[in-house]
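Worksheet for the structure shown next.
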Amino acid sequence: MAQTPRYRFAPSPTGYFHVGGARTALYNWILALQNNGVFVLRIEDTDDSRNNPQWTKGILEALAWLGIDSSDSHFEGPIFQSANAALHVAAAEKLFAQGVAYYCDLSTEDIQKRAKDSGKQGYDGHSRDRGLGPGKGRVLRFRVPPGSTIVQDEVRGSVEFDNSTIEDFVLLRGNGSPVFLLANVVDDITQGITHVVRAEEHLPNAPKQQMIWQALGHQPPSWAHVPVLVNEQRKKLSKRRDKVAVEQYREEGILAAAMKNYLMTLGWAPTGDTEIVPFEKITADFKLGSVNHSPAFFDIVKLQSFNADYIRAMPVGEFIRACEPWLTREKAPWQAHDYDAKVFAEIAPLVQTRVQLLQDVPSMVDFLFCDLPIIDADAFTKAFAPEWASLTLIEIREGFTTCEFTPDALKAVVEAVGEKHSLKLGKLQAPLRVAVTGRSVGPPLFEPIALLGRDATLRRIDIALAKKV
RNA sequence: GGCCCCAUCGUCUAGUGGACUAGGACACCACCCUCUCAAGGUGGCGGCACGGGUUCGAAUCCCGUUGGGGCUGCCA
């Protein structure tokens with residue numbers, strides 16, 4: 001008797017894939033995995049002029065990046081809503097035939113005028129009993145019955161709506177096309193959806209849609225409205241104002257695992273005192289009933305912290321592979337033929353603990369692959385300000401010409417110069433670091449210098465000294 | 001305005017009437033470690049919106065106030 005639970009994620013392809021959408025998709029996906037159900041991906045591409053196939057492709061790619069795609073047997077789709085237009089219209093006609101819906105010929109302006117005259121907001125049911133048939137410019141409206149509608153919500157409990165506060169809403173536009181409210185329900189019915197898990201902004205739609213389900217002769221699904229994600233102003237995340245594109249975070253070098261983990265800590269938390277946990281634990285622990293009721297701030301700083309944690313936890317080999325797109329693409333700050341994967345592999349462990357985003361990697365190693373380092377002027381000035389700077393660097397250069405070119409030997413040379421001048425290594429290395437790497441901060445110095453080789457190192461020191469004098 | 005939802009450190013959360021001196025994480029600060037920067041370690045700062053109930057006992061239950069949010073389209 002227990003039927004397979006069927007969840008769905010139904011984005012409309014009107015822009016970049018939103019992190020809030022990703023979170024909703026994740027919830028549905030996890031629930032489907034957990035209950036051995038099905039995750040239906042439905043692209044709601046009906047008639048909106050904003051739709052574009054490019055966005056659909058983006059959604060598919062972003063979901064796949066998060067591990068949600070047809071390679072898993074729980075996945076079904078994508079189904080395109082536009083392909084089912086005939087079913088939507090048929091359902092509308094059925095509702096009209098039943099008398100549950102009626103046509104109305106009032107224009108938006110007419111309705112506004114009537115509302116203004118009567119002092120009441122919204123549509124007043126003017127055409128309820130006018131017996132109008134279908135016609136050009138006429139919309140089909142749902143006849144909201146008296147009484148009240150109770151929505152049983154898995155995260156909020158039961159929510160009651162007084163039907164008198166719900167106006168007779170539109171089902172079919174004047175041009176005959178179905179609106180979201182209808183198309184969404186008809187698709188859910190025909191696709192056998194049993195659980196609707198979506199963002200809280202849809203809660204006011206739930207009573208209307210529940211009435212459509214019932215009028216069409218079906219048991220409504222189990223509803224769950226999860227809190228929205230907000231920005232620092234506590235407003236719902238918007239594509240216009242906020243940085244919400246999943247694709248963009250991916251481009252910056254956020255790891256899918258970090259994104260998934262972080263998203264799941266918004267409005268919910270895994271059991272125990274640790275929030276960075278394997279996805280398997282999240283899948284095992286997650287419960288709709290324990291989802292928070294209030295909006296959550298999407299904190300990019302914390303996301304990045306999660307990401308840094310995930311980066312550090314990677315085996316080095318995996319880290320090196322993950323960095324590759326940022327090192328070999330045309331955006332890399334060096335000539336392709338100057339890049340040496342072997343050299344990068346050598347210092348990779350040193351950069352791994354120093355980046356939050358994969359896109360931060362190139363600037364940490366560029367001095368190894370560019371002919372000459374990109375000198376940071378401020379850092380240079382500051383490093384060479386002390387009177388001992390040039391003097392000690394000349395002595396270090398002396399040592400470098402003859403010493404063994406290994407990290408330990410190089411360090412010994414610098415330490416010896418330091419002892420002679422009573423300077424700590426921390427201070428003394430500053431001019432050397434800027435001369436060789438162009439910056440005052442970066443990975444430990446002597447390993448990269450050894451990698452760079454004697455000739456290149458001496459040349460950089462000479463150039464810095466010449467510039468100074 | 002109307003309808004609906006919500007309210008624990010700055011932020012994300014744990015907490016489901018006694019184990020709460022309210023726990024963890026991010027951020028911030030200090031110290032330790034250290035060739036810079038990180039990482040790591042230790043410690044610190046910081047919260048139950050307010051007012052009434054109920055109860056032997058309330059962050060937890062009820063009511064009110066205040067504050068925030070969502071919706072209010074022939075968008076989805």
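For chain A, with all protein chains present and a 1.4 Å probe, just round the carbon and sulfur fraction of the accessible area to a whole percent.
Carbon and sulfur: 52 percent of the exposed surface of chain A.
Step through the residues of the stretch A:278-289 one at a time and calculate ³J(HN,Hα) from phi using the Karplus curve (6.51 cos²θ - 1.76 cosθ + 1.60, θ = phi - 60°), rounding each to whole Hz and writing x for Gly and Pro.
Couplings: x, 4, 4, 5, 4, 4, 6, 7, 4, 9, 4, x Hz.
For the stretch A:147-253, what's the relative contact order in percent, using C-alpha pairs closer than 8 Å and at least 6 residues apart?
Once normalised by length, the contact order is 26 percent.
Would you work out the Kirkwood radius for chain A? I mean one over the mean of 1/r across all pairs of different Cα atoms, in Å.
Answer for chain A: a Kirkwood hydrodynamic radius of 26.8 Å.
Would you give the gap between the C-alpha center of the stretch A:58-74 and the C-alpha center of the stretch A:19-47, rounded to a whole Å?
That distance is 10 Å.
Kindly report the accessible area of the stretch A:1-230 per residue (heavy atoms of protein chains, probe 1.4 Å, no ligands, DNA or RNA), in Å².
Per-residue accessible area for the stretch A:1-230 comes out at 45 Å².
For chain A, what does the relative contact order come out to in percent, with C-alpha contacts under 8 Å and a separation of six or more?
Across chain A, relative contact order equals 12 percent.
Starting from the 7 Å offset along Cα-to-Cβ, what nm value, one decimal, do you get for the label separation of A:S294 and A:K467?
Rounded to a tenth, the inter-label distance reads 5.2 nm.
Per residue, how large is the accessible surface of the stretch A:314-362? Use a 1.4 angstrom probe and give square angstrom.
Per residue, the stretch A:314-362 has an accessible area of 55 Å².
Can you list residues whose amide H is under 5 Å from A:F297's amide H, if they're 5+ apart or on another chain and H is modeled 1.01 Å from N?
Close amide H contacts, sequence-distant or interchain: A:V230.
Per 5 Å bin from zero, what fraction in whole % of the C-alpha pairs of the stretch A:103-184 is there, up to the bin with the longest pair?
3, 14, 19, 21, 20, 12, 7, 4, 1
What percent does the relative contact order of the stretch A:1-230 come to when contacts are Cα pairs within less than 8 Å and at least six residues apart?
Relative contact order, the stretch A:1-230: 20 percent.
Count neighbours as other Cβ atoms within 10 Å of each site's Cβ, and list the GluC sites (Glu not before Pro) in the stretch A:245-352 that are DSSP loop with at most 12 such neighbours.
Qualifying residues, ordered by number: A:E330.
Please report, in debye to the nearest 20, how large the charge dipole of the stretch A:314-362 is about its Cα centre when each Lys and Arg carries +1 at its beta carbon and each Asp and Glu carries -1 there.
Magnitude of the dipole: close to 80 debye.
Roughly how many debye, to the nearest 20, is the charge dipole of chain A about its Cα centre, given +1 on each Lys and Arg Cβ, -1 on each Asp and Glu Cβ, and no other charges?
With Lys and Arg at +1 and Asp and Glu at -1, about 1020 debye.
Based on the alpha-carbon gyration tensor of the stretch A:238-299 and its eigenvalue square roots a ≥ b ≥ c, which shape applies: rounded if a/c is under 1.5, prolate if not and a/b is larger than b/c, or oblate?
It is oblate, given that a/c is not under 1.5 and a/b is not larger than b/c.
Give the Rg/Rh ratio for the stretch A:377-468, taking Rg as the radius of gyration of the Cα atoms and Rh as the Kirkwood radius, to two decimals.
On the Cα set of the stretch A:377-468, Rg over Rh gives 0.91.
State, to one decimal in nm, how far the label point of A:K382 lies from the label point of A:R114, with both points 7 Å from Cα in the Cβ direction.
Between A:K382 and A:R114, the label points sit 7.1 nm apart.
Taking a ≥ b ≥ c as the square roots of the Cα gyration tensor eigenvalues, with a/c under 1.5 meaning rounded and otherwise prolate when a/b beats b/c, else oblate, which class fits the stretch A:1-230?
Cα axes put the stretch A:1-230 in the prolate bin.
Take the alpha carbon gyration tensor of the stretch A:213-332, find the square roots of its eigenvalues, order them as a ≥ b ≥ c, and report rounded if a/c is under 1.5; if not, report prolate when a/b exceeds b/c, else oblate.
Note, shape of the stretch A:213-332 comes out prolate.
Determine ³J(HN,Hα), in whole Hz, for all residues of the stretch A:440-447 in sequence, where each value follows from phi through the Karplus function 6.51 cos²θ - 1.76 cosθ + 1.60 and θ = phi - 60°; x replaces Gly and Pro.
8, 10, x, x, x, 6, 6, 5
Go through the stretch A:75-90 residue by residue and turn each phi into a ³J(HN,Hα) via Karplus (6.51, -1.76, 1.60, θ = phi - 60°); whole Hz please, and just put x for glycine and proline.
Result, ordered by residue: 8, 9, x, x, 10, 9, 4, 4, 6, 9, 3, 4, 5, 5, 5, 4 Hz.
Just round it to a whole percent: the fraction of Cα-Cα distances in the stretch A:314-362 exceeding 19 Å.
Of all Cα-Cα distances in the stretch A:314-362, 16 percent exceed 19 Å.
What share of the DSSP beta bridges in chain A is antiparallel, in percent to the nearest 5?
DSSP beta bridges in chain A are roughly 50 percent antiparallel.
Can you tell me how much longer the chain between A:F405 and A:E160 gets when fully stretched, taken as 0.36 nm per residue apart minus their C-alpha distance, in nm with one decimal?
Between A:F405 and A:E160, full extension yields an extra 80.5 nm.
The values are calculated or read from the model by the stated rules, or taken from the named source; none is laboratory data. The structure displayed is predicted, hence computed values, not measured ones. Methodologically, a virtual Cβ is constructed for each residue, glycine included, from the backbone with ideal geometry; neighbour enumeration extends over all protein chains shown. Just so you know, the surface numbers come from the protein's heavy atoms only, side chains and all, with ligands and any DNA or RNA stripped out. Shrake-Rupley method; radii C 1.70, N 1.55, O 1.52, S 1.80 Å.
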